[in-house]
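Notes follow the structure.
No value in this document is a laboratory result; all are computed from the given coordinates. Since this is a predicted model, take the numbers as computed values, not measurements. All Cβ positions, even for glycine, are placed from backbone atoms using ideal geometry, and neighbour counts span all protein chains on display.
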């Protein structure tokens with residue numbers, strides 16, 4: 001296998017195409033960032049007085065809700081970026097990519113990396129709001145968060161890729177999003193901690209990969225000293241393993257599609 005011609009160059013081309021498409025549609029950035037910020041502010045303010053956190057050193061609710069909102073922005077970005085797969089299929093572009101002499105790994109890497117880049121960029125913008133609620137970000141902490149967000153964004157975009165790849169319409173994709181992806185976020189510890197939840201709900205949260213993304217992000221934001229019981233390394237391993245799993249799954253569905261088309 002020629003790594004450069006079959007994987008790296010196709011991945012770079014598809015990655016650049018995703019970025020160009022995004023910056024030509026600047027209204028997407030407003031929608032992706034604006035909605036979660038309003039959601040964070042109004043929900044956080046409304047529940048702030050009645051919420052008492054048993055985690056992260058007894059933080060207030062706006063602070064507790066902050067990591068979940070950060071991941072919601074990334075989830076929305078992954079959703080919007082992977083819709084392009086459906087649009088590319090309808091326009092015939094995807095078929096031309098599939099018949100080209102490039103590997104499924106290059107196609108998957110380019111599309112997922114494009115969505116991941118956009119998710120991290122918009123997540124980084126939201127991180128600038130952290131000092132407003134008393135979260136102090138050093139340069140090293142900011143860099144560590146960006147690296148973590150790359151892994152989380154890759155996993156979320158890869159998951160969106162797997163769902164969008166089998167969809168024939170954007171309407172069907174949105175239906176799956178509302179049925180599956182949003183509950184995935186709701187049961188990740190973003191809105192409420194697992195402590196105090198019913199046993200069956202805690203089980204669901206424990207097998208939700210996004211739970212570990214929220215947990216690792218919250219730990220980096222609040223420092224390990226404030227949450228000594230957190231299993232940061234374990235959460236990080238789950239996040240990376242999930243990203244690799246969805247990438248492998250993306251390669252599989254691409255190759256399956258290519259064999260059917262052949």
**Message:** Just want the ordering: 103, 206, from fewest to most Cβ atoms lying within 10 Å of their own Cβ.
**Reply:** 206, 103
**Request:** Determine Rg/Rh for the range 63-201; Rg is computed over alpha-carbon atoms and Rh is the Kirkwood hydrodynamic estimate from the same atoms.
**Result:** 1.04
**Message:** Against the empirical 2.2 N^0.38 Å scaling, what ratio does the C-alpha Rg of the range 118-172 come to?
**Reply:** 1.50
**Asked** Got a sec? How would 256, 111 order by Cβ neighbour count within 10 Å, fewest to most?
**Response** 256, 111
**Asked** Measuring from centroid to centroid over Cα atoms, what is the spacing of the range 113-141 and the range 151-173 in Å?
**Response** 23 Å
**Prompt:** When the gyration tensor of the range 150-235 is built from Cα positions, what are the square roots of 5 times its three eigenvalues, in whole Å, from largest to smallest?
**Reply:** 28, 16, 9
